[in-house]
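Here's the structure, in structure tokens; my notes come after.
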Ligand SMILES: CN1CCN(c2cc(NC3CC3)nc(N)n2)CC1
């Protein structure tokens, strides 16, 4: 198996709402999600996360916190998606719609799980609770069925 390193950044405002984007094209089109993408050569993972955030919604993150790591495997597919999850509460700029994303602020109680990746309903509550970083593993069959899942806390010490 090979790993594809990806980023996912969740933005929170002072009202504790969360900024999600409706993906307009490509992988995950039609789903609400945080912002992210691939890590380019010569980039650290946090640098890639910050770059993708700006490209996808116009905000500049001034501080990123690593909140978790998610591994996604797909039956009969050798590529594991290794998604590094970050949060920012310190950012500047104006939220804009881009070619990739239509951003919208959500109250926590209104997060549209029915229109998000299936796994989000599993790990988002753990993310929202805060605390130690989390590790999640999801084995998908197609894009609509999770065959196996694992979610645990990983203290760095
Ligand atoms: C650049 N990316 C792509 C992958 N990604 C995913 C994936 C995901 N599930 C996987 C079955 C697809 N679930 C969330 N919430 N995000 C984050 C952003």
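The values are calculated or read from the model by the stated rules, or taken from the named source; none is laboratory data. Everything numeric here is computed off the predicted structure, so don't read it as measured data. Counting neighbours? That spans all protein chains shown, and the Cβs are built from the backbone with ideal geometry, glycine included.
Of the residues making up region 74-93, just one is outside any strand (DSSP E or B) and surrounded by 12 or more Cβ atoms within 10 Å (Cβ to Cβ), namely 93.
Check region 51-62 and report whether any residue there is more than 16 Å from the chain's Cα centre (by Cα) and on the phi < 0 side of the Ramachandran plot. Yes, some residue in region 51-62 is more than 16 Å from the chain's Cα centre (by Cα) and on the phi < 0 side of the Ramachandran plot. As a summary of the residue check, residue 96 satisfies the conditions (1) touching a residue at least 24 places away in the same chain (Cβ under 8 Å); (2) over 23 Å from residue 29 (Cβ atoms); (3) assigned to a loop (DSSP other than H, G, I, E, B) except for the one numbered (2). Among the residues of region 9-36, those identified as without any contact (Cβ under 8 Å) to a residue 60 or more places away in the chain and within 12 Å of the chain's Cα centre (by Cα) are 34, 36. Total residues in region 9-49 satisfying the condition of being within 11 Å of the ligand (Cβ to nearest atom) and assigned to a strand (DSSP E or B): the figure is 9.
The condition of being over 11 Å from the mean Cα position of the chain (by Cα), at pLDDT below 95 and surrounded by fewer than 15 Cβ atoms within 10 Å (Cβ to Cβ) holds for residue 1.
Every residue, every condition in (1) in contact (Cβ under 8 Å) with a residue 60 or more places away in the chain; (2) touching a helix residue (DSSP H, G or I) at 6+ places or on another chain (Cβ under 6 Å); (3) within 13 Å of the ligand (Cβ to nearest atom); (4) part of a loop (DSSP other than H, G, I, E, B), yes or no:
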| site | (1), (2), (3), (4) |
| --- | --- |
| 102 | yes, no, no, no |
| 109 | no, no, no, no |
| 121 | no, yes, yes, no |
| 140 | yes, no, yes, no |
| 143 | no, no, yes, yes |
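Can you find a residue in region 1-8 that is touching a residue at least 12 places away in the same chain (Cβ under 8 Å), assigned to a loop (DSSP other than H, G, I, E, B), touching a strand residue (DSSP E or B) at 6+ places or on another chain (Cβ under 8 Å) and under 20 Å from residue 79 (Cβ atoms)?
yes
Checked against (1) within 11 Å of the ligand (Cβ to nearest atom); (2) touching a helix residue (DSSP H, G or I) at 6+ places or on another chain (Cβ under 9 Å); (3) outside any strand (DSSP E or B), residue 52 meets all criteria but (2).
When we screen 80, 96 for residues that are modelled with pLDDT of 95 or more and out of contact with any helix residue (DSSP H, G or I) (no Cβ under 8 Å at 6 or more places or on another chain), the only hit is 80.
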